[in-house]
1. Picking from ILE17, ILE55, ILE30, which is most flexible by a Gaussian network model of the chain using Cα springs under 10 Å?
2. Below 8 Å between Cα atoms, with a sequence gap of 6+, how large is the relative contact order for the chain in percent?
3. Just tell me the longest site-free run in the chain, where the sites are chymotrypsin sites (Phe, Trp or Tyr not before Pro) in a DSSP loop having at most 14 other beta-carbon atoms within 10 Å.
4. Taking trypsin sites (Lys or Arg not before Pro) as exposed when DSSP calls them loop (any state but H, G, I, E, B) and at most 11 other Cβ atoms lie within 10 Å, what is the longest stretch of the chain free of them, the sites themselves excluded?
5. For region 12-72, I need the span (max minus min coordinate) of the C-alpha atoms along each principal axis, in Å, sorted largest to smallest.
6. Within region 1-64, report the GluC sites (Glu not before Pro) that DSSP leaves as loop and that have at most 15 other Cβ atoms within 10 Å.
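No value in this document is a laboratory result; all are computed from the given coordinates. Note that the structure is predicted; figures quoted are calculated from it, not measured. Quick reminder, even Gly has a Cβ in these numbers, built from the backbone with ideal geometry, and neighbours come from all protein chains shown.
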Amino acid sequence: MWDKPTATVENAAAEAILSSEMFDAWKAFIRGETPGGAGVPEWPEYTGATRATMIFDTRNHVETQPQEAELRLWDGVL
C-alpha cells in the first residue's frame, strides 16, 4: 500500500504493480480527488446503499455490497 514492495517474494513483479496502483489511489484520495490511477477502474462514491468497494487484486474491480451477509450481522449493533 505504501509503494514498498518486497523484492524477494515469488511474485515480486506483480506485487510491485499492485503496490503502485494502491499508492496512486491513496495519493488521489488524500488530495481530495476520486481515488484512482493507472490500473484502477472508476470507483463510485461509497454509500450505505451501495457500499461500492474497490477490490485490489490481479484485476482491480469494484464490488457492490461485498460480503453483504456478514455485514448484515452488524445491523443495529453499530
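1. ILE30
2. With pairs under 8 Å counted, the relative contact order is 18 percent.
3. Counting at most 14 other Cβ atoms within 10 Å as exposed, the longest clean stretch of the chain is 3-45.
4. In the chain, the maximal stretch lacking such sites is 1-30.
5. For region 12-72, the Cα spread along each principal axis is 37, 27, 14 Å.
6. Working: sites: GLU10, GLU15, GLU21, GLU33, GLU42, GLU45, GLU63; in loops: GLU10, GLU33, GLU42, GLU45.
For GluC sites (Glu not before Pro) across region 1-64 that sit outside H, G, I, E and B with at most 15 neighbouring Cβ atoms in 10 Å, the list reads GLU10, GLU33, GLU42, GLU45.
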